[in-house]
Structure formats: structure tokens, C-alpha cells
Amino acid sequence: MTQITDRLTRVHCQIAAAAEAAKRQPHAIRLLAVSKTRQADELRQAWACGQQEFGENYLQEALDKIEALKDLDICWHFIGPIQSNKTRPIAEHFSWVHSVDRFKVAQRLNDQRPGEMPPLNICLQVNISEEASKSGVLPADLPTLAAKVAALENIRLRGLMAIPASSDDPEQQRQPFSQMSDLLQSLQQQLPGQPLDTLSMGMSGDMEAAILEGATIVRIGTALFGPRDYSSHNQS
Ligand SMILES: *Cc1c(COP(=O)(O)O)cnc(C)c1O
């Protein structure tokens, strides 16, 4: 418990310091706790320390935790790869999806979003470093995809997400984040009237660089929960 409290405090301080360096308001940056591979109890502890937004990558693991923690008012974000035949439980159980990179998935999430729920918040994942191995829409294909997704009724297109090629150099880290910021600005001009207010970028190793370039959601796992252990983990 103490460890999670301390780590949460430390991450909030890092966010505040980066916000100050960027001349931004600290509360303009939301902390998403990335809880993949973590036990429900660890999330419960973080929740008891005030953390309400959690991000999960693996669907079955996420659904188990959502069930185990249904007594808490958690806002769930899906941030992992999406198989198009597994969209229904995502549409039914999450408030946000950060990892949409093709229209088919957006359309299915739209069609499967229950009518009594608010529209699903979506970020389009951009393959900003244009790596062959990574998911995400290529920057050149973003305007067309965004226009189609923005037209879906049960979807609110909120912005963009990226996982750039990793670098230890803070100056190099900023470059792809700066490109993301430019892409969001172009989309705002292309699609006036859409609530395009979100840049989901920055993880434990590069959150400062992301905040300096305009991140509004940082996705933090290791810095909050410690190193991950995948050994007993079944991916689904
Ligand atoms: C695991 C993961 C994170 C968190 O990474 P850390 O380096 O542990 O902070 C963020 N975003 C996505 C999409 C992830 O899969």
C-alpha cells in the first residue's frame, strides 16, 4: 500500500514538474494507470489512493478485473491491440479505447455500443515512427480514417494515441510527440466541431517529453506498479 501511495505521489510530482516546465496547468494532464499483468488487489489499492482511471491491454484479463472491481467507480480504458471479432465486450465495458487504427474496428465498436451507455471515447493510434512491426494508422492515412470515424454516432473521436520508437535521449523523445501534436492540430482544422482534445502519449520512460509536447493523457505502468512479470501471464 505504502509503495503504491509513494509511487503515485512521485508520478504526480513528475507530471506537475513537467507541466510547469511546459507552462501548462498540471490538471490538464490526466494520469492513466496502466495495470496490465497486475492483480485486482493492486488496482484496488491504487484506487484507495485516489487513482480512478485504469488502462488494460488484454481483453480477458481486463474483463476479469472489471468484474472483480465492479463495486468501485473506475473509468476503464482499453489500450491494447484489438481483434475485430472481440470488439463487443470492449464496446460494452469500457469508457475509452486508445488503440483504434482501422475503420472496421471503429464501426463494430459503434454498432455494438449499448444504446443506454454514453458514446464511446476513441483515440486513433498513429504509427508515428512508421515502424513495420507496430500497429497504428500511418500519418498519411489519418485524415481519411478520422473523417470516417468522426461520422459514427456512438463514437466520440477524442484524439490520437502513439507509442513512438523508444529512445533514451530526452531531445529525441520529443520529436515524434511534436509530430503528434501537429497531427492533432491538423485534424482539429479538418474536423471543426469534433471534441478533439486528447493526445494520449508518454509512458514511464518518456512522460516528461510527452508533456512538453502537449500530452493530455500519460499512460504509466512501471513507474506506478514496479516492473512487470509476464511469467504467469496468459495473453488473450
Ligand atoms: C504497457 C503500456 C504502457 C505503460 O508502459 P510503462 O513503460 O510500464 O509505463 C503504456 N501504453 C501502452 C499502450 C502499453 O501497452
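Below are the figures for this structure:
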{"quantity": "Residue among 195, 227 that is more than 16 Å from the ligand (Cβ to nearest atom), under 24 Å from residue 80 (Cβ atoms) and either surrounded by fewer than 19 Cβ atoms within 10 Å (Cβ to Cβ) or of a type in the set (Lys, Arg) (or both)", "calculated": "195"}
{"quantity": "Condition check for residue 94: farther than 24 Å from residue 179 by Cβ and hydrophobic (A, V, I, L, M, F, W, C)", "calculated": "yes"}
{"quantity": "Scan of region 79-91 for residues that are within 16 Å of the ligand (Cβ to nearest atom) and under 14 Å from residue 113 (Cα atoms), ordered by number", "calculated": "90"}
{"quantity": "Which listed residue, of 161, 203, is under 30 Å from residue 40 (Cα atoms), surrounded by fewer than 23 Cβ atoms within 10 Å (Cβ to Cβ) and within 16 Å of the ligand (Cβ to nearest atom)", "calculated": "203"}
{"quantity": "Among residues of region 86-117, those that are outside any helix (DSSP H, G or I) and either more than 21 Å from residue 199 (Cα to Cα) or charged (D, E, K, R) (or both), counted", "calculated": "7"}
{"quantity": "Pair list, Cβ < 6 Å and 6+ apart or interchain, from region 142-161 residues that are more than 14 Å from residue 107 (Cβ to Cβ) and touching a residue at least 40 places away in the same chain (Cβ under 8 Å) to residues that are surrounded by 19 or more Cβ atoms within 10 Å (Cβ to Cβ) and among the small types (Gly, Ala, Ser)", "calculated": "161/200"}
{"quantity": "Within region 164-188, tally of residues that are surrounded by 15 or more Cβ atoms within 10 Å (Cβ to Cβ) and in contact with a helix residue (DSSP H, G or I) (Cβ under 7 Å, 6 or more places away or on another chain)", "calculated": "7"}
{"quantity": "Single residue of region 206-224 satisfying the filter (within 9 Å of the ligand (Cβ to nearest atom) and touching a Ser or Thr at 6+ places or on another chain (Cβ under 7 Å)) that is nearest to residue 155 (Cα to Cα)", "calculated": "219"}
{"quantity": "Single residue of 95, 133 found to be at pLDDT below 95 and either among the polar types (S, T, N, Q) or more than 16 Å from the ligand (Cβ to nearest atom) (or both)", "calculated": "133"}
{"quantity": "Complete set of residues in region 28-45 that are of a type in the set (S, T, N, Q), part of a helix (DSSP H, G or I) and either closer than 12 Å to residue 56 by Cα or within 13 Å of the ligand (Cβ to nearest atom) (or both)", "calculated": "none"}
{"quantity": "Residue list for region 46-72, filter: outside any helix (DSSP H, G or I), of a type in the set (Asp, Glu) and either closer than 22 Å to residue 2 by Cα or within 15 Å of the ligand (Cβ to nearest atom) (or both)", "calculated": "53, 56"}
{"quantity": "Filter result for the condition that a residue is surrounded by fewer than 17 Cβ atoms within 10 Å (Cβ to Cβ) and within 22 Å of residue 151 (Cα to Cα), over 136, 50, 115", "calculated": "115"}
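The values are calculated or read from the model by the stated rules, or taken from the named source; none is laboratory data. Everything quoted here is computed from the prediction, not taken from an experiment. Cβ sites come from the backbone with ideal geometry, for glycine too, and all protein chains shown count toward neighbours.
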